[in-house]
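One structure is given here, and the rest of the page talks about it.
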Protein chains: 2
Amino acid sequence: MIFLGGLAEIGKNMFLLECEEDIIVVDCGVAFPQEEQLGIDLVLPDISYLRERKDRIRAIFVTHGHEDHIGALPYLLPDLLPVPLYATPLTLGLITAKLEEAGLLSRADLRPFDPDAHPAIAAGAFTVEPFRVTHSIPDAVGFGMTTPAGLIVHSSDFKLDPTPIDGRLTDEAKLEEFRQRGVRLLISDCVHVEATGHTPSERVIGETYDRVFAAAEGRIFVATFASLIARVQQVIDTAAAYGRKVATLGRSLENNVRIAQELGYLTDAEGVLIESREAAQLPDEQVVYVVTGAQGEPMAALSRIANGDHRDVAIGAGDTVIVSATPIPGNETAVFRVINQLFRAGAEVIYGARALVHVSGHASRDELRRMLDLTRPRHVLPFHGEHRHMALYADLALDAGIPSESITFAEVGDVIEITPDKVAVTDRVGAGYVYVDGVTVGAVGDVVIRDRRALARDGILMVIVSVDRDTGQIVAGPEIATRGFVYLKEAGELIDATKAHVREVLGAYTNGHQTDDWGYLSRQIRDATATYLFRETRRRPMILPMVMEV
Amino acid sequence: MIFLGGLAEIGKNMFLLECEEDIIVVDCGVAFPQEEQLGIDLVLPDISYLRERKDRIRAIFVTHGHEDHIGALPYLLPDLLPVPLYATPLTLGLITAKLEEAGLLSRADLRPFDPDAHPAIAAGAFTVEPFRVTHSIPDAVGFGMTTPAGLIVHSSDFKLDPTPIDGRLTDEAKLEEFRQRGVRLLISDCVHVEATGHTPSERVIGETYDRVFAAAEGRIFVATFASLIARVQQVIDTAAAYGRKVATLGRSLENNVRIAQELGYLTDAEGVLIESREAAQLPDEQVVYVVTGAQGEPMAALSRIANGDHRDVAIGAGDTVIVSATPIPGNETAVFRVINQLFRAGAEVIYGARALVHVSGHASRDELRRMLDLTRPRHVLPFHGEHRHMALYADLALDAGIPSESITFAEVGDVIEITPDKVAVTDRVGAGYVYVDGVTVGAVGDVVIRDRRALARDGILMVIVSVDRDTGQIVAGPEIATRGFVYLKEAGELIDATKAHVREVLGAYTNGHQTDDWGYLSRQIRDATATYLFRETRRRPMILPMVMEV
């Protein structure tokens, strides 16, 4: 088993099982770039290992339709084709939309399964049995994977919601069946292990909606995740009860709602869903907008509305906004900025500090324990968490009677050997980050990111001189151009002094040195400039010397 | 009254009261740069307004020794001198250390007061009466400020801790006395208004320390804020009880502990405080380190220890780390990264998700309500919060019977007119950010920050051509240099194609155009390059054309 993603950071879930000539792949997700991955749009798993063994890949199995599980398919599937991809109907619907946009749909081999029919899908040396789990998107599954080394149960992202909005419960009977057959390894979600007890049911959010809808006199805005179909269902149901219509704002949300509705995962018996241009014609007290941007994403609907630059909707006094999400670590500043702006615009804002507006899609400690009790695995591998989550999960597993030598932590790129005797990390493969920036995949690597970090900190300063290729004499310059270091119009003195200093250093160099070693000359310019500027400003802009030969 | 800082963002507290020819200033803090203020070290209040009225400033009053209240003094005090600065002994001790380092101590006029003696300090048209408040640093005060328009009570940062570690309670008797005299305006802390009930006493942290110290077998590390003297006191007391010695790691912490000890705000009856080099000689089970870096600051002791690059201390299995702080919004990612690293190194890590390791220094809702009841002001002005905090505080004030027209929100730069008839924002003064970057104050403005943001996103690409000043013909180039855009070694094709494209555009231009309008030529180069690169990569690096005349 090889982890290409899913550990030690949020997102980018992907791993593979390999047995002699057969490989199966589970999920193919993206990560959203971290703060210091400047300018990057998306982070993909590095699938070099798979590319080299493409002919052995028997199938791809996908657990659910979240971006961190399906988002890399438009980028990576072409490298893996032809290969069948198995998922539930809603998950396949979301994948279909992605592949269609990427012009890949006709080449893909998409195969739906119904977990309630308890299929067993053969793929080389493996047999994969999906089982339903509750999560923050409908139609999510885990996999029981029978291998020559025994049965591996992969919980995927789950919670044990006793009252899910769509009524489809986690298939505990199947988990008990797995236990009876003997579970060699449980790969368990662990990302929410810090929470004690039981994660509340998604249904409790309906009570907050009900209370807010009852009190609101003007328009209501509900911001949530585009994939949280159950939340949209609850808005639809509450709106119907209070005589309001519902319109969506934000492309990803509109797409997901359309797909979910077409496939029967979203019901609108009263016909409250309308187009946003229709909503604009209705009196305020009859309107609900479901909007994207609950994580403070600057280009999403909620941010645009908060900043007063949304094309169709202006917010103000009388409006109520429910920010129905919890900020993901790293997004707090952006989320609170949007909330502040909404308050400043005069809206009533209901957010996490004021009401129960969000519940996690992941299992808390009691549910993780129950998954252990249901499956009673010989070995466990905590999955999808950071190192602190793995450590706390290990405590939980110890409590449940799993000996510490049967608890394996893995990092991205680790090879986990699973034999009848042991489960252990035995090797590593190359499996780092691949960056997507604009339309270029992979062209932006760590060197470029490091440069961006330096540029962001202190800017850049270029020093250009023209030298006569025959005499080695400077015929023009030094000229200086700078960005992100000092404001040129106000720093004329510093720039002039720097030029003079460079000229002096170069004078000492070129007098009598007639040379064509422009590399050496460049280094002289760089060092002299850097030393001078650090002395004057205590800062270290990137120095880029250019010698033009004329 | 003019706000130069303290609202709408955390930090940078500073405001002034003005009455005809008299001005008094309250606090002089810094803000720590926000994520998008790239490369900036500190943010100062803009005191242009004060500089122009320097001769009217009668005094500076400082509430307590936190950076967001005193941190700008080394930068701004020289512009305000000569002026007396009033504060409690510990606050003055911390200010003294700063001014000494900046070489300003001999010029400063520092005047201590003892709030328990109930002084009334006259300063022009104003009389200022400090009163003790509990907060997360000892010797903090608020001010009752008698003005020609009535009595203004400034709570400053406070909580109502019934059992503070130093035993010094908030002076509620003084607040009641103010109420009897009639409070025209309460300026109230509001930053913790999202928390219901009462903020726990600092003392409860001692229980966690006791439990962890009782169980720990190896070394104990406690990471906290350098100014949280009460927390250090609790570490000292718990260490004494368990036969351990305490050493500090981190310069700011060492300084603060030394000052607090010299001034009697930190007691070490058993002599457990030792130097870190002594601690290194002791058996693990006798050592506690108090360290800086609980907010994940990359250069602080905790980060260095977690990453294995601290000069003196290596962490590993058997060690216990208490991260005795809550991440400030925006710092979560950095803090969790450090916690993950500590777990990875094998340490036992006690942090917020596992135990009560931190309590706020600010009043929760019930305490804010009590401050309103104690002072019964005619008007209130929520202070030190973001807009969402002000909005929630307004709800609380309404509940307490303050009519909505008596609740004033202010932003940085607002002029608040306080007359016997009204309290209202009536004007604005220039009061933005002043950035400190390296040793330069103010040279980095918004233009530079905007450039850094663009550089961070997509990098920069320079196009240099040399042209003959007489003929206008291109004699060398175009040469291209780039940083933070693509990795040059792997993008040779793209760069060559760009050069060819620029050459083509320039060829069309210079043929028959013999000109010396290098500005026009530069714009041609920039536009052609930008358009070409966007078409090829969907990215927009900053384009910097340079025309060298030879």
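Kindly evaluate B:ALA325 against the criterion of being within 8 Å of chain A (Cβ to nearest Cβ), assigned to a loop (DSSP other than H, G, I, E, B), surrounded by fewer than 24 Cβ atoms within 10 Å (Cβ to Cβ) and modelled with pLDDT under 95. Answer is no for this residue.
If only residues of the range B:259-296 that are among the small types (Gly, Ala, Ser) and free of Cβ contacts under 8 Å to residues at least 60 places away in the same chain are counted, the one that is farthest from B:ILE236 (Cα to Cα) is B:GLY296. If you go through the range A:140-162 and keep only what is outside any strand (DSSP E or B) and either surrounded by 22 or more Cβ atoms within 10 Å (Cβ to Cβ) or at pLDDT 95 or above (or both), you end up with A:ASP157, A:PHE158, A:LEU160, A:ASP161, A:PRO162.
Based on this model, can you work out whether B:TYR242 counts as of a type in the set (Phe, Trp, Tyr), open to solvent by 20 Å² or more (accessible area, probe 1.4 Å) and more than 27 Å from the chain's Cα centre (by Cα)? Considered against the rule, which asks whether it is of a type in the set (Phe, Trp, Tyr), open to solvent by 20 Å² or more (accessible area, probe 1.4 Å) and more than 27 Å from the chain's Cα centre (by Cα), B:TYR242 comes out as yes. Annotation note: Cβ proximity below 6 Å between a residue of the range B:329-351 that is assigned by TED's automatic domain parsing to the domain that holds B:PRO298 and open to solvent by 30 Å² or more (accessible area, probe 1.4 Å) and a residue that is of a type in the set (A, V, I, L, M) and part of a loop (DSSP other than H, G, I, E, B) (sequence gap 6+ or interchain) occurs for B:ALA345/B:ILE315; B:GLY346/B:ALA317. Summed over the range B:369-399, the residues that are more than 14 Å from chain A (Cβ to nearest Cβ), under 24 Å from A:ALA355 (Cα atoms) and of a type in the set (A, V, I, L, M) give a count of 1. Look at the range A:390-410: where a residue is in the same structural domain as A:VAL183 (by TED's automatic domain parsing) and in contact (Cβ under 8 Å) with a residue 60 or more places away in the chain and a partner is part of a loop (DSSP other than H, G, I, E, B) and of a type outside the set (Ser, Thr, Tyr), sitting 6+ places away or on another chain with Cβ atoms under 6 Å, you get A:MET390/A:PHE409; A:LEU392/A:VAL193; A:TYR393/A:CYS190; A:TYR393/A:VAL193; A:ALA410/A:LEU7. Evaluation of B:VAL467 against the conditions (1) touching an Asp or Glu at 6+ places or on another chain (Cβ under 7 Å); (2) surrounded by 23 or more Cβ atoms within 10 Å (Cβ to Cβ); (3) more than 10 Å from every other protein chain (Cβ to nearest Cβ) shows that the sole unmet condition is (3). Does A:ALA108 satisfy the condition of being over 22 Å from A:LEU50 (Cβ atoms) and of a type in the set (Gly, Ala, Ser)? Answer is no for this residue.
Of the residues making up the range A:21-64, those that are in contact (Cβ under 8 Å) with a residue 40 or more places away in the chain, part of a loop (DSSP other than H, G, I, E, B) and away from chain B (no Cβ under 14 Å) are A:GLU21, A:ASP27, A:CYS28, A:GLY29, A:VAL30, A:ASP46, A:ILE47, A:THR63, A:HIS64. In the set A:VAL423, A:VAL349, A:VAL412, only one residue is within 28 Å of the chain's Cα centre (by Cα) and away from every other protein chain (no Cβ under 12 Å); that residue is A:VAL412.
Applying the set (1) at pLDDT below 95; (2) assigned to a helix (DSSP H, G or I) to B:THR91 leaves exactly one unmet item: (1).
Filtered by the rule that a residue be among the acidic types (Asp, Glu) and surrounded by 16 or more Cβ atoms within 10 Å (Cβ to Cβ), the range A:245-272 gives A:GLU254, A:ASP268.
The set of residues in the range A:175-192 that are touching a helix residue (DSSP H, G or I) at 6+ places or on another chain (Cβ under 9 Å) and either open to solvent by 10 Å² or more (accessible area, probe 1.4 Å) or not assigned by TED's automatic domain parsing to the domain that holds A:ALA391 (or both) comprises A:GLU176, A:ARG179, A:VAL191, A:HIS192. Among the residues making up the range B:517-550, those that are open to solvent by 30 Å² or more (accessible area, probe 1.4 Å) and part of a helix (DSSP H, G or I) are B:TRP518, B:GLY519, B:TYR520, B:ARG523, B:GLN524, B:ARG526, B:ASP527, B:ALA530, B:THR531, B:PHE534, B:ARG535, B:GLU536.
Being touching a Lys or Arg at 6+ places or on another chain (Cβ under 8 Å), more than 20 Å from A:PRO115 (Cβ to Cβ) and open to solvent by 10 Å² or more (accessible area, probe 1.4 Å) is true of A:PRO74.
Inspect all residues belonging to the range B:251-260 and state whether any of them is within 23 Å of B:ARG211 (Cβ to Cβ) and not aliphatic (A, V, I, L, M). So far as the range B:251-260 goes, no, none of its residues is within 23 Å of B:ARG211 (Cβ to Cβ) and not aliphatic (A, V, I, L, M).
Residues checked against (1) assigned to a strand (DSSP E or B); (2) of a type in the set (Ser, Thr, Tyr); (3) more than 24 Å from B:LEU342 (Cβ to Cβ):
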site: B:ASN255; (1), (2), (3): no, no, yes
site: B:GLU270; (1), (2), (3): no, no, yes
site: B:PRO298; (1), (2), (3): no, no, no
site: B:SER303; (1), (2), (3): no, yes, no
site: B:ARG311; (1), (2), (3): no, no, no
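Among the residues of this structure, A:ILE137 does not count as one that is out of contact with any strand residue (DSSP E or B) (no Cβ under 9 Å at 6 or more places or on another chain), closer than 19 Å to A:GLY93 by Cβ and open to solvent by 10 Å² or more (accessible area, probe 1.4 Å). Does A:SER404 fit the bill of being in contact with a Gly (Cβ under 8 Å, 6 or more places away or on another chain), farther than 30 Å from A:GLY316 by Cβ and either open to solvent by less than 10 Å² (accessible area, probe 1.4 Å) or within 14 Å of chain B (Cβ to nearest Cβ) (or both)? For A:SER404, the condition - in contact with a Gly (Cβ under 8 Å, 6 or more places away or on another chain), farther than 30 Å from A:GLY316 by Cβ and either open to solvent by less than 10 Å² (accessible area, probe 1.4 Å) or within 14 Å of chain B (Cβ to nearest Cβ) (or both) - is not met.
Among the criteria (1) part of a helix (DSSP H, G or I); (2) of a type in the set (S, T, N, Q); (3) open to solvent by 10 Å² or more (accessible area, probe 1.4 Å), the one A:THR208 does not fulfil is (3). Of all the residues in the range B:337-383, those that are in a loop (DSSP other than H, G, I, E, B) and either of a type in the set (Asp, Glu) or touching a strand residue (DSSP E or B) at 6+ places or on another chain (Cβ under 9 Å) (or both) number 15. Scanning the range A:470-487 for residues being open to solvent by 30 Å² or more (accessible area, probe 1.4 Å), facing chain B (nearest Cβ under 9 Å) and of a type in the set (A, V, I, L, M, F, W, C) gives a total of 1. When the range B:435-454 is limited to residues that are more than 7 Å from chain A (Cβ to nearest Cβ) and modelled with pLDDT of 80 or more, the one that is most open to solvent (accessible area, probe 1.4 Å) turns out to be B:ARG450. Within the range B:217-252, the set of residues being touching a residue at least 40 places away in the same chain (Cβ under 8 Å), among the aliphatic types (A, V, I, L, M) and not in a strand (DSSP E or B) comprises B:ALA226, B:LEU228, B:ILE229, B:ALA230, B:VAL232, B:VAL235, B:ALA239.
The values are calculated or read from the model by the stated rules, or taken from the named source; none is laboratory data. Values in this document were obtained by computation on a predicted structure and should not be read as measured data. Don't worry about glycine lacking a Cβ; one is built from the backbone with ideal geometry, like all the others, and counts go over all protein chains shown. The area values use the complete protein model at the heavy-atom level, side chains included, leaving out ligands, DNA and RNA. Shrake-Rupley method; radii C 1.70, N 1.55, O 1.52, S 1.80 Å.
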